[in-house]
Amino acid sequence: MSIAVGAKEKELKKQKAALKAEAAKLQGQQASNTSKKTERKNSKKDAVEEDPQNYLDPETSLGEKKKLSQLMAKQYLLLQWKIRKSIFLKVLSKLVCAEPLTFRSINNGCRWYDWWEKSGFFVAESNSSKPPFVIVLPPPNVTGALHIGHALTGAIEDTIIRWRRMSGYNTLWVPGMDHAGIATQVDYIDLKGKELRKVPGYKDPVEFGVLTSFAYPLEENLGEIVVATTRVETMLGDTAIAVHPDDCRYKHLHGKVAIHPFNGRKIPIVCDAILVDPAFGTGAVKITPAHDPNDFEVGKRHQLEFINIFTDDGNINSNGGPEFAGMPRFEARVSVTKALEEKGLYRGSKDNEMRLGVCSRSNDVVEPLIKPQWYVNCNTMAKDALDAVMDDENRKIEIIPKEYAAEWKRWLENIRDWCISRQLWWGHRIPAWYVTLESDQLKELGTYSNHWVVCRSEEEAQAEAARRFAGQKFQIAQDPDVLDTWFSSGLFPLSVLGWPDETDDLKNFYPTSILETGHDILFFWVARMVMLGMKLGGDVPFRKVYLHPMIRDAHGRKMSKSLGNVVDPLEVINGISLEDLQKRLEEGNLDPSELAKAKDVQRKDFPSGIPECGADALRFALVSYTAQSDKINLDIQRVVGYRQWCNKLWNAIRFAMSKLGDDYTPPNSVNPSIMPFSCQWILSALNKAVGKTVSSLEAYEFSDAASVVYSWWQFQLCDVFIEVIKPYFSRNEESFVSARGFARDVLWICLDSGLRLLHPFMPFVTEELWQRLPQPKDTIQKESIVISEYPTVIQSWTNEIVEHDMELIESAVKSLRSLKSLLPAKERYEKRQAFAVCHSKVADIVRSYVLELSTLAGLSSLKIVDEDDPALTGCSRDVVNANLRVYLQVNGTINAEAERKKLQTKLEETKRQKETLEKMMAASGYKEKVRPQIHEENMEKLTKLMQQVLSLEKATQHLDQDIALPQV
């Protein structure tokens, strides 16, 4: 623990004292404004509710189940009184967690997560009878910084794993660590001309931005040919001179040969229209295939010799000749120039604009160097991997979204040999040893391609070398290169399960279930895993591939340090001020102009910094965003909205706990058919939400799943059910006794099922709230929501008739609320009388649910009347549908123009929808392309729209008649 126990207790006492002082101060401020009635009510409160300590979670030891406060605060993570945020977070982060806020600690996550881990809830057993479900976590670059993309990956995968665990699977989520330990990046510097620059390892500055010209003497006494270069030392490795075939100056030299001035090597003159620009320089280009990417391609086109003149540490090797061997490259630059002068071949130099590659870490100059590399022939493996996805009759892997299968096909049909060598000091070493014979003229590693042996160990390599070079003295040295990180990580699904050993984990958990990653590495990582898995593991490494979108900022721009729009998930979870955001930029390596631009972007996007949102809100937002095609435009305000939504959940539980009572015992089962209408409806709606959520998760449509859960909680449970049952608890009527009991039971069912439904998306707040719910007796109670069962559809709860009736009620409520919103601000919350004019088939529905309508719309009463009833005169009106119109009593004269305009707008919009649908259904090929079910739905929509148009036109006529009556 970073804080001694005694110090912790002392700090906690200070915290409690601060709470009491703050509470007393606020209560004193409120007292003067409190009515006598409120004072009498407050005086009856239990003393427990008066003590702020009862709202503070007791201290919990690391790894133990979190202890909850006796009473629930009025807001999630905020106590009933306005406790200073700094004090509370100090308690949360130091006294309780003994660590700063982290990705998992905010939103009460620290205590819960430690307990989950200690309790073994995440452990997968290789001998379990449950079906396995396995995900490998893409290993992040160990040298990279945490960014919002990592949060997206974690949010999606954790959602999948939690859902599958709750659904009865033996879940295994395998984390990994990338071995790519050197994050090298080449920065390019644009030089306008000659410039001296300090280079690591050199005492004197080195000259760059200079074009040096020199002459090659030609055979047959044909004179000389002049070439120019910014790296004159590379001429030691020249193997050709290229000219344009149409350049008249060099027609007579086609096929001729130049002589290297230092070693006598014959250098052919080749014609190359691809590389050479006759208008640039002399029109003759020196070719060094081993040290320039363009020259490399020329060398392949003309079968030239590739001569490497540099050692790995940048010195001239023996191929450069004894005069220069051992010299550092930039010292050789000076020496070669001087030697050319001495031979009379130097033709001068001039300033030259150029781009200089510089290592972002060491500031050393980066230049091309050809080296022997190890390759993997991928032709057969690529064909197998291609068929695994594209073979309709024997498909082994499904790619989601399916459109990426085309990209898979494009990559694997055009496969090339895979270079797996990397010149890094950290990684899996290439299992190859070079044999240097005592009799070898050249001793550099890799000089002779037939001196390599590939073995499993140094002992095997020694024995193989002794067999191949029997009777000769030799030494062996392992290739210092390491495997390409994509090769090492390509083995990931196998190696994490114990391969190449035949472990129980490998037998039970391979192939894994799904791979979740970004679409940008579909080939680089995913395809390599499939190829290696099939080749070495005997089967595909996973059955499905889910590719998530790439995250951009709210404006759709790619996140980059230079733009200042990179988002660290910890800064969203914990919150950060603009000042600290800008300080982070200053600690980076941006140049002054980029820094100023990045700061300006931050000031515009986050003028007040980033508010504290918590892990649950960030997770839910990221999962909800996955429907945005291949890109996510992340708006932090959406995350803030979900943070506020957590309070909605918190308050729903607080309401439930206040209505359930301390002695409430939940039922083991319920019979909806004997319950009130609202209870039947919410259970049916819950059933539908469960079914849609599960089907969306099974289809890996996470955004749809999150939307369904959110909509049920927000718009059905909180906005409708909790509101509509309030009369059962607030009005002491005998007729409500039975309904009150049913409402309690259904409220508990909804909260229990709803929290379990939401848990994979928001694990911390759901655990916190679920632990507060009472549990049924005579049942085996799960210790945590983590290992509880995920909700399933209960067929007896489904009631389409009740849902249809509630849809009508909600539509009527929406219309009535719309009418109330047009009233003066001070009158909008007054309860008013309303009327309904409806056809017989809906009259019974309205008449049956007057209580629900009045409660939700905030009415004093609701009466069903005929359309010519005089009570409607002077009422504002709205058309719910073709069979129902609602009227709201208003005080004073109705604003006829406003009413007419409102009806006219609605009429025009309905006509527009009707015409659009008619046009679509009349389009050529419509009946052939559209499924019969969709056609029937469209016909039903069209009929309703036509009826609504007639109803709106009739309502407009009635309005005109009502307005005209006083004038008669």
Legend entry - strands (runs of 3 or more DSSP E) within segment 337-410 that include 1 or more residues under 29 Å from the mean Cα position of the chain (by Cα) and over 30 Å from ARG231 (Cβ atoms): 398-400
Legend entry - LYS820 being at pLDDT 90 or above, among the basic types (Lys, Arg) and either open to solvent by 20 Å² or more (accessible area, probe 1.4 Å) or in a helix (DSSP H, G or I) (or both): no
Legend entry - Selected residue [of a type outside the set (D, E, K, R), open to solvent by 30 Å² or more (accessible area, probe 1.4 Å) and in contact with a Lys or Arg (Cβ under 8 Å, 6 or more places away or on another chain)] from PRO511, PRO500: PRO511
Inset, instruction - Would you mention how many residues in segment 601-629 are outside any loop (DSSP other than H, G, I, E, B) and touching a residue at least 24 places away in the same chain (Cβ under 8 Å)? - result: 19
Legend entry - Residues being open to solvent by 70 Å² or more (accessible area, probe 1.4 Å) and either touching a strand residue (DSSP E or B) at 6+ places or on another chain (Cβ under 6 Å) or outside any helix (DSSP H, G or I) (or both) - total across segment 823-846: 5
Legend entry - Boolean, LEU581 is within 26 Å of TYR625 (Cβ to Cβ), under 18 Å from the mean Cα position of the chain (by Cα), open to solvent by less than 10 Å² (accessible area, probe 1.4 Å) and of a type in the set (A, V, I, L, M): no
Inset, instruction - State which residue is most open to solvent (accessible area, probe 1.4 Å) when the search covers only segment 467-491 and only residues that are in a helix (DSSP H, G or I) and touching a Phe, Trp or Tyr at 6+ places or on another chain (Cβ under 8 Å). - result: TRP486
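Yes/no matrix, rows are residues, columns are (1) among the hydroxyl-bearing types (Ser, Thr, Tyr); (2) not in a helix (DSSP H, G or I):
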residue	(1), (2)
TRP650	no, no
TYR664	yes, yes
ALA685	no, no
GLN714	no, no
CYS718	no, no
ILE722	no, no
GLU734	no, yes
ARG740	no, no
Legend entry - Criterion: more than 17 Å from the chain's Cα centre (by Cα) and of a type in the set (Val, Ile, Thr) - qualifying residue of ILE653, ILE636: ILE653
Inset, instruction - Go through segment 772-796 and give me each residue that's open to solvent by less than 30 Å² (accessible area, probe 1.4 Å) and modelled with pLDDT of 95 or more. - result: SER784, ILE785, VAL786, SER788, TYR790, PRO791
Inset, instruction - Kindly provide the set of residues from segment 524-541 that are surrounded by fewer than 17 Cβ atoms within 10 Å (Cβ to Cβ) and either touching a residue at least 12 places away in the same chain (Cβ under 8 Å) or in a strand (DSSP E or B) (or both), ordered by number. - result: PHE524, LYS535, LEU536, ASP539
Inset, instruction - For residues that are acidic (Asp, Glu) and either at positive phi or buried (at least 16 other Cβ atoms within 10 Å of the Cβ) (or both), tally how many sit in segment 330-344. - result: 1
Legend entry - Leading residue by the ranking (modelled with the lowest pLDDT) among those in segment 551-587 that are of a type in the set (Lys, Arg) and in a helix (DSSP H, G or I): ARG584
Inset, instruction - Would you mention how many residues in segment 850-865 are within 12 Å of VAL886 (Cβ to Cβ) and not in a helix (DSSP H, G or I)? - result: 5
Inset, instruction - Looking at (1) more than 48 Å from the chain's Cα centre (by Cα); (2) open to solvent by 20 Å² or more (accessible area, probe 1.4 Å); (3) closer than 16 Å to ASN891 by Cβ, find the lone condition where GLU867 falls short. - result: (3)
Inset, instruction - Within segment 706-737, track down each residue that is over 25 Å from PRO791 (Cα atoms), open to solvent by 20 Å² or more (accessible area, probe 1.4 Å) and touching a residue at least 60 places away in the same chain (Cβ under 8 Å). - result: LYS726, PHE729
Inset, instruction - Just name the residue that is least open to solvent (accessible area, probe 1.4 Å) out of those in segment 915-955 that are hydroxyl-bearing (Ser, Thr, Tyr), part of a helix (DSSP H, G or I) and free of Cβ contacts under 8 Å to residues at least 24 places away in the same chain. - result: TYR926
Inset, instruction - Kindly list the number of the only condition in (1) part of a helix (DSSP H, G or I); (2) open to solvent by less than 30 Å² (accessible area, probe 1.4 Å); (3) in contact (Cβ under 8 Å) with a residue 24 or more places away in the chain that fails for TYR546. - result: (1)
Inset, instruction - Just give me the residues in segment 316-351 being touching a residue at least 12 places away in the same chain (Cβ under 8 Å), aliphatic (A, V, I, L, M) and farther than 16 Å from ALA215 by Cβ, in sequence order. - result: ILE316, MET327, ALA332
Inset, instruction - Answer yes or no: is there a residue in segment 750-769 that is modelled with pLDDT under 95 and surrounded by fewer than 21 Cβ atoms within 10 Å (Cβ to Cβ). - result: no
Inset, instruction - Give the residue that is modelled with the highest pLDDT, with candidates limited to residues of segment 870-899 that are among the hydroxyl-bearing types (Ser, Thr, Tyr) and open to solvent by less than 20 Å² (accessible area, probe 1.4 Å). - result: TYR887
Inset, instruction - Assess whether ILE809 counts as being open to solvent by less than 50 Å² (accessible area, probe 1.4 Å) and either among the charged types (D, E, K, R) or over 38 Å from the mean Cα position of the chain (by Cα) (or both). - result: yes
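The values are calculated or read from the model by the stated rules, or taken from the named source; none is laboratory data. Please read these numbers as outputs of a predicted model, since none were measured by experiment. Here the Cβ is made from the backbone with ideal geometry for all residues, glycine too, and neighbour counts use every protein chain on show. Quick note on the areas: whole protein, heavy atoms, side chains included, nothing else; ligands and nucleic acids left out. Shrake-Rupley method; radii C 1.70, N 1.55, O 1.52, S 1.80 Å.
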